[in-house]
Amino acid sequence: MSDVFSPDIDNIKEKGLFRELRPVSPAPAGRVLIAGKEYVNFSSNDYLGLASHPQVKKAAALAAEKYGAGGTSSRLLGGTFEVHALLESALASLKRQEAALVYPSGFQANIGIISSVVSDGDCVIMDSFNHASLWDGAKLSGARIFIYAHRDLNSLEKVLARAKDYRRKLIVTDSLFSMDGDIAPLRGIAELAASHGALTMIDEAHSTGVFGVSGSGLAEELGVEKKIDIVMGTLSKALGAQGGFVCGSKKLIEYLVNKSRSFIYSTALSPVTAAAALKAVELIGTEPARRKKLLENAASLRKTFAARGFDISGSESQIIPVVMGSVEKTAALSEKLFMAGMLAPAIRPPTVPEEKCRIRISLTSEHSLEDINKMAAVIA
Ligand SMILES: *Cc1c(COP(=O)(O)O)cnc(C)c1O
């Protein structure tokens, strides 16, 4: 058989954009082991260190004993265990919504939500920096896709005027943007949605467990919990487990259970990860010191970077990019950090545009100020 893939792979390599998987094993205090050597891990989304929290691990182990390893069938056919129901009820309370539904991953949640909520004859209105899974959901839906300039309410208002004749209009945005660490103007978006008869959906993948007085997310922090129709999040970042979820009205959840193909035609989330996530949601409530430490770490690093005049792309969170420009410069800095014992991968096209290549620093509550200052010194 002729090798049909080599030309494309060679092309990726020529551009310096070839990516490879690098096995790591987790180590305490925000570190990983790679080939036996320890690195401070600035690439983890385990923002609160809950993936290796003793109580989370214990909940997972007990669930494996009780339920076995897998979901065994789809949720509608016998894969709904007690732990799924408990988790959904805990998530609905965390987000102060009527009901919740979990999916096997956040990516699956996004494609399954958007593609069932809108279809041909409707439109979906997207922030230009939205996450890949939101774009794929929008494309899959068959709805007309409109794009507004990143975090720009004037641009959104213009798009809404152009979209006025569509049957159903869905505005979709990350609440905390995954590559820039900046925050969507949720209050303004909710107001425009209300005045133009549009539905709103936010992706709280990076803000759940991190922002808000109770750790609910940015909708709580910005006081718009009652104004967002569809609140999506993931169990795989600050909650330290795996899986995605959506919260909203009881009717929304009933609708998704009946219409959302990536929910219906996929095996239930493993009861082991569901139990881990359930414990993690509980810890969000009982261990607020974790998010406080995380936000202190983040504020400290942003201040250091700002003082040095770095382009951190408007970051207001624990995700702090250092925008370098070229692929080569970014790769060289990532390599330099690696040599100094720190893992901070280069983010390159197609994830970001060529001229916006960056090191994406992702902080956790497990990092010490010493770790953070050392990293900042290498970058400087
Ligand atoms: C990670 C991420 C997802 C996907 O969640 P997974 O559970 O990892 O599949 C969705 N949206 C955003 C903004 C993300 O960063």
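The values are calculated or read from the model by the stated rules, or taken from the named source; none is laboratory data. Note that the coordinates shown come from a computational prediction; the quantities given were computed from them, not determined experimentally. A quick note on method: Cβ atoms are made from the backbone with ideal geometry, for glycine too, and the neighbour counts reach across all protein chains shown. Surface accessibility is based on the protein's heavy atoms, side chains included, excluding ligands, DNA and RNA. Shrake-Rupley method; radii C 1.70, N 1.55, O 1.52, S 1.80 Å.
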Calculated from DSSP helices alone, with each H run of at least 4 adding -39500 (n - 2.57) and the total divided by the residues of the chain, [θ]222 nm to the nearest 500 comes to -12500 deg cm²/dmol
Most packed first (mean Cβ within 10 Å per residue), the peptides 88-101, 113-126 order as 113-126, 88-101
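Assuming R0 = 25 Å, can you tell me the calculated FRET efficiency for the pair S89 and K57, based on Cβ-Cβ distance, to the nearest 0.05? Can you show the working numbers first?
Values: r = 23 Å, r/R0 = 0.91.
Efficiency computed from Cβ-Cβ geometry: 0.65.
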In Å, the Kirkwood estimate of hydrodynamic radius for region 229-380 over Cα pairs equals 18.0 Å
Between the alpha carbon centres of region 1-36 and region 203-272 the gap in Å comes to 30 Å
Under 5 Å from the placed amide H of S105, counting only residues 5+ away or on other chains, we find G244
Dividing the mean separation of Cα pairs under 8 Å (6+ apart) by the residue count of region 54-286 yields a relative contact order in percent of 31 percent
In region 80-209 the accessible area split gives carbon plus sulfur, as whole percent at 1.4 Å, a share of 53 percent
When the charge dipole of the chain is computed with +1 on Lys and Arg Cβ and -1 on Asp and Glu Cβ about the Cα centre, the Cα farthest towards its positive end, among F245, I320, P350, belongs to F245
So, with points 7 Å from each Cα along the Cβ direction, the L76-N258 label distance in nm works out to 1.1 nm
Across 10 Å bins beginning at 0, the whole-percent shares of Cα-Cα pair distances in region 190-306 come to 12, 35, 34, 15, 3
Largest-first ranking of Y255, Y265 by accessible area, probe 1.4 Å, whole protein assembly kept, is Y265, Y255
For the pair R22 and L153, the simple spin-label estimate (label points 7 Å beyond Cα toward Cβ) gives in nm 4.2 nm
So, for the Cα atoms of the chain, Rg and Dmax in Å stand at 20.8, 60
For region 257-319, the count of lysine pairs 8 or more apart or interchain whose alpha-carbon atoms are under 28 Å apart comes to 4
Taking alpha-carbon centroids only, region 39-89 lies from region 161-193 a number of Å equal to 31 Å
Regression test value, accessible area per residue of region 54-286, probe 1.4 Å, units Å², expected 39 Å²
